[in-house]
Each structure stands twice: as C-alpha cells, then as structure tokens.
Amino acid sequence: MRYTILLHYPEMTAEDLGDAAIAEGQRAFQSYAAALDAAGALVSAEVLQPSGTTTTVRLVDGGLRVQDGPLADTKEQLGGTFVVDVPNLDAALEWAGKAPAVGWGAVEVRPGALYYADGAWRPNA
C-alpha cells in the first residue's frame, strides 16, 4: 500500500536557520531517506523549493488563472514529501513518526488512491 508522507513546517531562511542547523537537517533527512530505502519502503522523495517560488493555476470562468504564490497563506508550508510502499497504515505512521520534520511541524500521512506506472493508472492496494 502506498502512502504519501507530507511534511509541513514553518519556512525559515538560511540566515534564520544558520549553517549548523542546515547541516544537521541535511544529515537527518539523509539518514531518514537511507533508512526508508534500506527497508525497501521508499518509492520517491522530494524536497520542495520555498513556497515563494510556487505558482498556482486555477480554472476560472472557462480560463486559466495563474497566480504567484501558494494556494493557502499559512504559517506552515508543504516542504517536502516521501512516498512509501508499506504493508499498512501502522507502518506508514511509524515511518512518519521518524521523519525529522515531526519536530518542526505537522507530518501528514495520506493513502494513495491510484498511481501511474508502466503507462496505466493502477489501484493502490
């Protein structure tokens, strides 16, 4: 079963964080990704650019409206994702609890409904 682990946390600049905190975060995420990979659970992982680089597209009155910035204006932003393939929700929650970002903000676990592979949409099960 595939689950997406979504990492939400307050955005900070490199200057706000400092070099030591950035290095520690990079080590923590490298270790986390390596553990998922070694367990055979990692499907993919993404660290996202800051929310200020976001562009949101909507269909409004039959035309596309392109807007700079994220969809929602919140203190916490989506910072990255891990897609894991694990036996059940309990296993996904266990991995989510080990995500370094759990100490900084919310870690959301959401099951996939369908995924695309080898030219076709497939049910997640």
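The values are calculated or read from the model by the stated rules, or taken from the named source; none is laboratory data. On a predicted model such as this, the values are computed, not experimentally measured, just so you know. Cβ coordinates were reconstructed from backbone atoms using ideal geometry, including for glycine residues, and neighbour counts include every protein chain displayed. Accessible surface is based on the protein model in full, side chains and every heavy atom, while ligands, DNA and RNA are left aside. Shrake-Rupley method; radii C 1.70, N 1.55, O 1.52, S 1.80 Å.
Looking at segment 51-58, is at least one residue open to solvent by 70 Å² or more (accessible area, probe 1.4 Å), farther than 17 Å from residue 32 by Cα, of a type in the set (Val, Ile, Thr) and assigned to a helix (DSSP H, G or I)? Yes, segment 51-58 contains at least one residue that is open to solvent by 70 Å² or more (accessible area, probe 1.4 Å), farther than 17 Å from residue 32 by Cα, of a type in the set (Val, Ile, Thr) and assigned to a helix (DSSP H, G or I). If you take the residues in segment 32-50 that are without any contact (Cβ under 8 Å) to a residue 40 or more places away in the chain and in a helix (DSSP H, G or I), which one is farthest from residue 80 (Cα to Cα)? By that ranking, first place goes to 38. Restricting attention to segment 9-29, which residues are open to solvent by less than 40 Å² (accessible area, probe 1.4 Å) and either assigned to a strand (DSSP E or B) or without any contact (Cβ under 8 Å) to a residue 24 or more places away in the chain (or both)? Selection gives 18, 23. Taking segment 61-98 as the search range and keeping residues that are among the hydrophobic types (A, V, I, L, M, F, W, C) and assigned to a strand (DSSP E or B), which one is nearest to residue 27 (Cα to Cα)? Here the answer is 82.
Of the residues in segment 12-23, at least one is in contact with a Pro (Cβ under 9 Å, 6 or more places away or on another chain) and either under 24 Å from residue 116 (Cβ atoms) or of a type outside the set (A, V, I, L, M, F, W, C) (or both).
If you filter segment 99-118 down to residues that are touching a residue at least 24 places away in the same chain (Cβ under 8 Å) and in a loop (DSSP other than H, G, I, E, B), you find that the one that is most open to solvent (accessible area, probe 1.4 Å) is 104. Only residues that are without any contact (Cβ under 8 Å) to a residue 60 or more places away in the chain, within 17 Å of the chain's Cα centre (by Cα) and exposed (fewer than 13 other Cβ atoms within 10 Å of the Cβ) were counted in segment 59-93, giving 3.
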